[in-house]
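Down below is the structure, laid out as structure tokens.
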Amino acid sequence: MKTETIAAIATGLSNAGISIVRISGENAFQIIDRIYQSKTSNKLLSKQTSHTIHYGYIMDEDQVIDEVMVAIMKAPSTYTREDSVEINCHGGIVVTRKVLEVVLKNGARIAEPGEFTKRAFLNGRIDLSQAEAVCDIIHAKNELALKNSLNQLRGNVLDLIRNIREYILRDIAFIEAALDDPEHISLEGFDFDLTQHINNECQTIERIICEAKNGKIIKEGIKTVIIGKPNAGKSSLLNYLVGEERAIVTDIAGTTRDTLEETINFEGIILNIIDTAGIRDTQDIIEKLGVEKALRIAEDADLIIYVLDSSTKLDENDEVILKLIRVKKSILLLNKTDLHSKISVDEIKEKTGSPVLNISVKEKVGLELLAHTLKEMFFEGEISFNDEIYITNDRHKEAFEDTLQSLRMVLDSIEAGMPEDFYSIDLMSAYETLGKIIGENVEEDLVNMIFKEFCMGK
């Protein structure tokens, strides 16, 4: 099938050392032959060996546009499995755009966002889960997210789905064969074997779904709200975590009246932090609105970090906060431990059941335990990427959940003594649903929507 030749700038458009203009499609070599002039040879690039780099000029008729290095890659051993060319030009905005203009002028069209990767998927080089991993790699906010996306790009989700689908397909084939030829193939005892197979598959999928919460946190971060009474040290904690004076810190209670939001990489964990107004009963209208907003935000948080001034006793304002965090994942920080403490750690633990850390933001004491506590709370310690699969995509999670439901319906049919052809219906539903994750039987609109999330040139 003939496809249009596409081109785009594959690097960030800025004043940099090098920019790359990428071309892919049946006419990629014809285009580069028209606009490239070698410094050392008259041989056309289309006649050169694949996966080689050549030094010369990009020309617009008789005008030199830029001095370049051009990589040529012949199908099918390319990212898109099409003939591909990458022009490495100087990184100025004007010159890069000019090189692209010349490419477009000579027969290419501008690529849509993600169209190179979309062609890699459509041409069978990668499956849909791997294509989505490419986008996740580009947008990875931390090392954990990057490692997880790289594992998915290497095919760990694909391999898992292929294995499960293979077992399901074997069972479907056996049922169909036995129903077609009952004289030679018996279904006696098959219910027991099928139950074992499905239970194993369900356990695997249940584990994947359970770990999805970790995958989402790895990718998007932990929505974290810092809460506490005025002057407890919330803003000082935010400044410490951010590494700069992001929030105003004074001895005057009620300095923070609205929320401050920051996304930070805290020892490999992404925290989407919101610093809130101090919680207290106040007659100041603006401060009161800030307090109400703080309580609303805390109710939707993944994590509440409750900062207490250990040098002051608990009061009715603390009771409001304690009531809130009893039903939320929380870490309590007893700040100002360099001063005489008036709060009992055991009392706080008994009231909340949450981890309690003694710290001093001012003296930078005890804060090293915060990262360890976060990992224990959200990841049950360290995250291992050896055999674990963490799905980060809501589409994948929904498909796994639908698959699990279909497999459980098979178990229900077995228990109810239903005819074997009922098993095949739900087994096939599970098989097809898993196929949607890797791009089989997937609607064109969904594919287009996925690749629109990509950046230009990828």
Search the structure for amide H atoms under 5 Å from the amide H of ILE126, placed 1.01 Å from N in the peptide plane, and list their residues when 5 or more places away or on another chain. PHE121
What's the center-to-center distance, using Cα atoms, between segment 214-232 and segment 67-117 in Å? 42 Å
Within segment 410-434, list the residues whose amide N lies under 18 Å from a label point set 7 Å along Cα→Cβ of GLU398. 430-434
Out of the GluC sites (Glu not before Pro) in segment 136-222, which ones are loop residues according to DSSP with at most 10 other C-beta atoms within 10 Å? GLU183, GLU188
Give me, ordered by chain and number, the residues 5 or more places off MET59 or on other chains with an amide H under 5 Å from its own placed amide H. TYR36, GLN37, ILE65
Calculate, in whole percent, how much of the Cα-Cα pair population of segment 1-139 lies beyond 25 Å. 24 percent
For the chain, what is the mean residue ellipticity at 222 nm derived from helices alone (per DSSP H run of n ≥ 4: -39500 (n - 2.57); sum divided by total residues; nearest 500 deg cm²/dmol)? -15000 deg cm²/dmol
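Could you list VAL320, VAL103, VAL157 so that the one with the fewest beta carbons within 10 Å of its beta carbon is first and the one with the most is last? Numbers along the way, then the final one.
Numbers: VAL320 15, VAL103 28, VAL157 25.
Exposure proxy ranking, most exposed first: VAL320, VAL157, VAL103.
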Given a cut-off of 22 Å, name the pairs among LYS43/LYS74; LYS375/LYS436; LYS375/LYS452; LYS329/LYS375; LYS141/LYS436 whose C-alpha atoms lie farther apart than that in the structure shown. LYS375/LYS436; LYS375/LYS452; LYS141/LYS436
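Find how much the distance from ASP191 to ARG162 grows on full extension, using 0.36 nm per residue of separation minus their present alpha carbon separation; answer in nm with one decimal. Before the final figure, lay out the partial values.
Details: separation 29, 0.36 × 29 = 10.44 nm, distance 2.31 nm.
Full extension from ASP191 to ARG162 adds 8.1 nm.
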So how strong a dipole does segment 6-111 carry about its Cα centre when Lys and Arg Cβ are +1 and Asp and Glu Cβ are -1, to the nearest 20 debye? 180 debye
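Read-outs throughout are calculated quantities, based only on the coordinates presented, and are distinct from any laboratory measurement. Keep in mind it's a predicted model, so treat the numbers as computed, not measured. Every residue, glycine among them, receives a Cβ derived from its backbone with ideal geometry; neighbour counts consider all protein chains shown.
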